[in-house]
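What follows is a single structure, written as structure tokens, with notes after it.
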Amino acid sequence: MLADGPATFRNGAWDRTLPPIAVYDDSFVTENVHAGHAVDTEQRRNLFRIIIGSQGVTMARRLDEIDGRIQAKNTEIRELRVQVERHVPPGVTSEAFLGLPKDAEIDQKIANKERELQAARQTDALQRRPILSAIQLPEVPQGFLETLGRTLEGVSADVEQRLAAHLQRHEMRDGEAWLARGLEHIRENECPFCGQDLAGCSLIDVYQTYFSEAYHAYKALITGLADQIAEAFSDRAIGTIQRQLDRNERAVEFWEQYCQFEPPRLPDREHPGPALTALREAALSLLTRKAAAPLEALRADGRFSVADAAYDDLRDFLKQYNEAVDAANTAIDAKKEEARGADVELVQGELNWLHATKNRHSVEAAIVCQSLLNRQQEKDELEQQKERTKQELDQHTLEVMGAYEQRINLYLDRFNAGFTIIRTTHSYRGRIASTSYQILINRTIVQLGDANTPLDQPSFKNTLSAGDRSTLALAFFLTQLEREPDRNQRIVILDDPFTSQDSFRRNHTAQQIKRCGQLYGQVIVLSHDAGFLKLLWDKLPPAERKALQLLRMGEADTRITEWDIEDAVRGRYAAAIDILQQYYATNDGGIRQVIQQIRPVLEGYCRRVCPGRFTNDALGEILGAVRAAGEAEALHPIVDDLDELNDYCRRHHHGEGGDANEEPIDDNELAGYVRLTLRLVGSL
């Protein structure tokens, strides 16, 4: 249905500068009000643009455009930052790197700091470097010489003389040890050598007296002294002393670089190895002799005396050596304490910053750093623009949102919706402005929710009926139209604006559409519901209304023709269509009654295609006129189908030959012709 509007066909051609068109259809509802049964993010964002109107949309678009430019700048900044970070040394942030000032003396400062770092690192090494070690000589066991001079107490001189005479007479140089071992093998007074009886042998008594338990203890003392000297003066012990001297020598070479002290030295001829070895050998030789004749008193021989004198000289030199070690260690400890305050990490960090400063102002780094700074400045300016635009948009939104909510509720009241919207607000979640509101129904506040809101929680999707949702969407659309500039130039298209509405709301919808026709340049209403269109038709003055229809011509063509709305809603035609549709869908109805509805439906269809013609003509007369007119006739593409249907129906109509009630009817054949009829008139 069209309301008269400004002409758009001029000078034999369509004018391309058509006025703006506003369309209310499923797309408008889905994009701006609700998707399916719920309100999601996209609808909230689009609804915001509806509420703020064209002026606000201009601001919002500018805000989006600025935000897009900011995102582009962010991408450029990220890419440039990667390039900058290739020049940033460890321990320095890229932001600090960008702010480093140029320094004309940077090379000299780096050289000075590197020397300072080298010194600091050496200082760290000084703390870990060991001091010198004092040298300790092994000692000859106390009582060594006294043990050599001792004899075995408790052995009488007579026994000792008799044993000595016996050994001399038999020239037994090692006889004492030999006799001691043999004495241990005497069993039952029988000689272990010849087996003779030893009873009454006085010499055996001498042996037993001489080689007593005290004798064996004395022998063990001599052996223990030998073991102690062998261990204390061993090659291993001497090697340990030599290694200590070598370590001290290397330490002296190191510390002389940092400290002033008299290095401890031993004369080459006073090397401890030979003197200690000589003393060990001389002492062990004496103990070996003493062990062979424990009752024989020994004095230190010349060999031992020479070795002992050399040992005393070595000890004197080592005393001086250790005094020098103590003095050197005092100087070394003082140096360590002095160097303890140096901080290698601090100096290294300072050097890193100097290198960063030099790198920052190299040719390549300077270019990318300046580019990054420029982009950051541009982004900051865009952020300021965005904030100003956002404030303007917020102010505009606050001004219009309350009025918009009032107009929505006014339309809802006119539609007798039974609910209103409240608390309409906006936010910038996800950087894009969006609108939210609440529904007040039966004095209960219902949140919008979304598609994921549980069904047991009241929300948009489970509170409003299909008719309620349709009414709300239409209220949004009409309120939007009211606030558009140059609305008298608007073309408004309403596609089924009354879906799922009850009769009361349908009447109010028709009334509001009539009002649109008074406000806007042209209003087009599209619908399959002839009853609603008739309701609207009756409310409009004849000069302000026009009815058109889309008619299918054959299998592949559709035409726009004038539509006789009065005829379309007549009861006979609508009832005939219903009978054919019911039979085709469910096979219900009397078959002869069904056949008799085909021709009235086709005749009514032809009158709709060609308004003002065939007013009282039967189908046969209509077909004759169509064939006579040829291809210029609108019904010409389907004339053959109409002729076939007319011929089929003639056999079953009274007064057209034979007894129509006796003519057999094939159910499958009838179903095919009913299908063809419904397809031709666009009701299938």
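The values are calculated or read from the model by the stated rules, or taken from the named source; none is laboratory data. All figures in this text were calculated on a predicted structure; none of them were measured in a lab. Cβ coordinates were reconstructed from backbone atoms using ideal geometry, including for glycine residues, and neighbour counts include every protein chain displayed. Calculation scope for accessible area: heavy atoms of the full protein, side chains included, ligands and nucleic acids excluded. Shrake-Rupley method; radii C 1.70, N 1.55, O 1.52, S 1.80 Å.
Of note:
- Stretchable slack from Thr223 to Gln384, in nm (0.36 nm times residue separation minus alpha-carbon distance): 47.8 nm
- Label reach from Glu392 (point 7 Å along Cα→C-beta): in the stretch 462-496, amide nitrogens under 20 Å belong to 484-485.
- Modelled FRET efficiency - R0 25 Å, Gln348 with Thr240, Cβ distances, 0.05 increments: 0.05
- Full extension of the segment from Arg247 to Gln127, taken as 0.36 nm per residue of separation minus the current Cα-Cα distance, would add 41.5 nm.
- In the context of the full protein assembly, Glu139 retains an accessible surface of approximately 100 Å², using a probe radius of 1.4 Å and ignoring ligands and nucleic acids.
- Computed on protein heavy atoms with a 1.4 Å probe, the accessible areas place Glu399, Glu114, Glu633, Glu345 in the order Glu345, Glu399, Glu114, Glu633, largest first.
- Inter-label distance, nm, simple model (7 Å from Cα along the C-beta direction), Asp268/Asp496: 11.9
- Using heavy atoms of the protein chains and a probe of 1.4 Å, the accessible area assigned to Leu455 is about 140 Å².
- When the convex hull of its Cα atoms is projected in every direction, mean area for the stretch 391-522 (nm²): 9.5
- Area accessible to solvent at Glu644, 1.4 Å probe radius, in Å²: 90
- Pairwise label distance in nanometres, Gln370 with Leu548, each label 7 Å out on the Cα-Cβ vector: 6.5
- The length gained on full extension between Ala671 and Arg613, counted as 0.36 nm times the residue separation minus their Cα-Cα distance, comes to 17.9 nm.
- Residue-wise HN-Hα coupling along the stretch 61-72, computed from phi with Karplus coefficients 6.51, -1.76, 1.60 (Hz; x: Gly, Pro): 5, 5, 5, 5, 5, 5, 4, x, 5, 5, 5, 5
- Modelled spin labels at Arg651 and Ala72, positioned 7 Å past Cα toward Cβ, are 7.5 nm from each other.
- Between the beta carbons of Arg627 and Leu684, assuming R0 = 30 Å, the FRET efficiency works out to 0.75 to the nearest 0.05.
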